[in-house]
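Worksheet: one structure, shown below.
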Amino acid sequence: MGCFPPNSRRWKVLMQTSNTDHLAHFIDEYRVVRKPEIQRLLGISRSTLGRRIKAGKFPKPASIDNGRSCWLFKDVREWLLK
């Protein structure tokens with residue numbers, strides 16, 4: 001949060017309870033979820049997850065450094081709510 005000095009008016013507004021609740025929700029929505037967490041959440045194996053992705057029954061992951069796969073939590077949550 002280095003964009004506002006801690007004593008600035010904007011920083012104080014940002015840190016108000018309602019704003020921090022919104023910020024926490026935003027941060028949670030955009031956090032990265034990796035395969036092991038998805039597997040635990042759904043109670044499935046790595047190969048089952050792969051089959052579901054290939055069949056279009058689960059969202060495709062984004063590829064990050066070194067070929068690792070991840071999802072944004074918001075995408076997983078949207079899929080769960082379908």
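Quick notes
- For region 36-52, the tally of residues that are surrounded by 12 or more Cβ atoms within 10 Å (Cβ to Cβ), free of Cβ contacts under 8 Å to residues at least 24 places away in the same chain and in a helix (DSSP H, G or I) stands at 8.
- When residues of region 21-41 are limited to those that are at pLDDT 90 or above and in contact with a Lys or Arg (Cβ under 9 Å, 6 or more places away or on another chain), the one farthest from Arg68 (Cα to Cα): Gln39
- In region 53-73, the residue that is modelled with the highest pLDDT out of those that are surrounded by fewer than 10 Cβ atoms within 10 Å (Cβ to Cβ) and either closer than 14 Å to Arg34 by Cα or aliphatic (A, V, I, L, M) (or both) is Ala55.
The values are calculated or read from the model by the stated rules, or taken from the named source; none is laboratory data. What you are looking at is a predicted structure, and each value in this text was computed from that prediction instead of being measured. So basically every Cβ, Gly included, is an ideal-geometry build from the backbone, and we count neighbours across all protein chains shown.
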